[in-house]
Every structure is written in structure tokens, then in C-alpha cells.
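Take a look at the structure below.
The values are calculated or read from the model by the stated rules, or taken from the named source; none is laboratory data. Because the structure is predicted, anything quoted here is derived from the model rather than measured. Neighbour counts are summed over all protein chains in view; Cβ atoms, including those assigned to glycine, are modelled from backbone coordinates with ideal geometry.
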Amino acid sequence: MTYLIDRRLQGKNKSAINRERFLRRYKSQIKDAVGRAIKGRSITDIENGEKVSIPVKDVNEPNFGHAHGGVWETINPGNKEYQKGDQFNRPRGGGGAGRGKAGNSDQQSEDDFIFELSREEFMNYFFEDLELPNMVKTQLTATTEFKNQRAGYNMSGTPSNIHVLRSLRGALGRRIAVGGNSRKKLIHAERELVELLEEGVPLDDPRVVELKHLIHHLHTKLLAIPFIDPFDLRYSNRIKVPKPMTQAVMFCIMDVSGSMDESRKDTAKRFFILLYLFLKRAYDKIEVVFIRHHTAAAEVDEEEFFHSRESGGTVVSSALHMLTKIIGERFGSGEWNSYVAQASDGDNWDNDSLLCKQMLINTIMPAVQYYCYVEITDGPPQNLWEQYAEVGDHHQNFAMQKIVTPADIYPVFRELFKKQPK
């Protein structure tokens, strides 16, 4: 039996395996802390690590205490109320001062337990339980995933992978092969001895004595063959083979019109940065198409999408026309899972909002797996929201959410891309 002990160190002589055990034990508290931490982050430090604070009461280990139970006698000097043999109830234990109240100098309290999550750990907790909805296998290419598959047997491996039946079968074949010649000689010698005895040859005859020695020698030789040998052991062999997966494209559409002030644009950028980090982290091979629009729409690169200062009026349908054109020219062969995320303040021309609704219902929604619309406004819903609300009645793969403050970005993002029940 082989025992492997993980003695890796993770900075300042701390054990990595102990840290992993700690993170598993307090997973729920850490996820809550990560959710609180992300609300106050800026765009530039969204992917950094974080100092996480957990209440001390949540990390205390359970322990056993020895209570003074049972019936016991005591002597109270100066007692004037009770006589010998009287019984009285055990006094109640005093409680300590609660948090948030002032205590005397003898009372002690503990601060919250604070530790730091690395960048990798922070992003793991941040994007846990998220996925692109309605992903289907439309083409057996692109994203590479591996699955374990049985591939015969090996002569070496771990004890847990021993194939008992195959090993015993091999041991039986080895014993038959190794002892085959001796077993033939034994059968021939026993038959010859029987014939001599039937002919009345005495037991002290040299031929009988020689045959008995030979039979004994052959029996000993056959018994010396081991029942199972390390050479017989066979281990189940498993290999990783590529598993066909799908390919996907995400369209990010952002409104940069004049009605989108800097704070709203900053909120939209934070939402799309979260989406971009999630896609690049969770999916190795996924296309991301960036579309900005005011009165006119344009496909741009990542740098221009997040940092360009171009602005103007608002015609949302221009972005949808651009979206339809790109899907038809580059992603309309039925081989792609298409996803769309749109962010806007909802301010649009009334007639254009009606056109957007018709385009979504008749053209865009049948061609995409999922479409989410995020409206960034602190007032009542705008006309674009009112028109988009009717799209969900026709297509179940359409979702809408509203962001009022930057603190709403994280919960809205998780609601839009949470894992769906299988």
C-alpha cells in the first residue's frame, strides 16, 4: 500500500492542503464575502484577489465540556436560609455580554477572522455555478474536452484499479502453462505405477521405488507453483480521449448614446467586463463580438468597446440590424450557439422600439440560444423595456433585468447566467 502525503507550501511556510481544506469547509461564508466585495470594485481591479472577513463564531471548532451535573452536596458558609438535607435548584449560568454592547474591563471579545484569497481563488468563487444557458451540441468541433474511457489492461497501476477477474484468469493460465509438462509426467508415472502393482510387482522393487520418488518430486514441483504472482496482476487502464463539444459566440451590444452618461456607461462596462472574464475563464474557445451603437452601430474590438468616447443620438435598431447581418454572414450556418447581451438606458425613439421588438420576435430570437437585456436606469422603465417585455411572451430564451446602482451588477449577472436545472 502506498501513501502519498501532500507537503506543498503556499507562501510563508503555510500548507496548501490545509488551505484547500479550510476553503472547502467555509465555502458558503466565503461566497457571501466575495459577493459583498465585488459590489465596491472598480473596472481595473475586478480580477484581483480579496481580503475576506468571516465572523469568529463561524470558524470556531466544536469541543466537549465537562458539566457539573448530577446531585451533589455543598457547604455555604453563613447560610441562614437552608438546613442540612434541604434541596434547591441549580443556579442558572450567567451569560456574557453580546456584541454591539459595551462591556466592563473584565469582558473579552474577538475580531472577525480575516484572510486573503488569491486572484485564482477569488475568480473561482466569483464565477462558480454560472454557465451559458441552453448550450447544445450543434457541431462536433471547437471546444476540446476530454473524458475517461476504458482501454484494456495494464501490467502496472494502483491497487484500487486491480481487475480481479482478469488477474485470476491470467494466474490460472500461467499455472496451466508452467505445470503442463510436469503434470503429463505425473499422469504417466502414476499410470505406470498402477500397472506394475496390478502385475504383482512387490513394493520394494527398484522400479516401484523409483516411480514413487518421481511422483513425490512431481507433486512437490506442482505445489511449488504460486497461486498468483505479481506477473499475473492486471490493472484496468483508462485513457483520456477528446470529447466533441460545441462552439459558441457571444454578442455584446452597448448603448453609447448621449443619454448614457458616464456613470451609466461605467456600469455597463462593469457588466460586460464581468461577462468577458466569465467567458474567457469558463470556455476555452468562444468568439466574442463587440457592437457599439448610438444612431449608427459598428463592430469594434475590445479596446475600442471599453474605452472609446464616441457618442450621439439613439437608434437601437441599428445595433440589431448589425447583429442580424453578422449572424447571417459568419454564424448562421447552424453550427454555432449564438448568445446576445445588450445594455442600454432604454431611451429610444418610440417607433424604433417597436421595430426592435418585431426584429427580436421574428428574426433574432429564432437564431440565438439566449438573449439578455439589461436596462441601466434609476427611474421608471423606458419605452424600450416596455416593448421588450412582450418578447418574453413569445420566446422563453429571452431575459430582462434592471440595474439601478453598481451594487446591482453582481446579483443581476448571476441571475442572468446561473446554471439551469438539468
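Does segment 281-289 include one or more residues that are over 18 Å from Arg414 (Cβ atoms) and in contact with an Asp or Glu (Cβ under 8 Å, 6 or more places away or on another chain)?
yes
Enumerate the pairs (first residue in segment 148-168 and in a helix (DSSP H, G or I); second residue anywhere and polar (S, T, N, Q)) with beta-carbon separation below 7 Å, excluding pairs fewer than 6 apart on the same chain, so at least 6 apart or on different chains.
Every condition considered, the pairs that remain are Asn161/Ser236.
Looking at Glu262, is it within 35 Å of the chain's Cα centre (by Cα) and not aromatic (Phe, Trp, Tyr)?
no
What about Asp352, is it of a type in the set (D, E, K, R), assigned by TED's automatic domain parsing to the domain that holds Met260, in a helix (DSSP H, G or I) and over 33 Å from the mean Cα position of the chain (by Cα)?
yes
Name every residue in segment 158-171 that is small (Gly, Ala, Ser) and farther than 17 Å from Ile228 by Cα, in order of residue number.
The answer is Ser160, and nothing else.
Does Asp393 meet the test of being out of contact with any His (no Cβ under 7 Å at 6 or more places or on another chain) and either under 19 Å from Ser257 (Cα atoms) or not assigned by TED's automatic domain parsing to the domain that holds Ser257 (or both)?
The answer is no for Asp393.
Spot the failing condition for Met359; the list is (1) at pLDDT 90 or above; (2) in a strand (DSSP E or B), and only one is missed.
(2)
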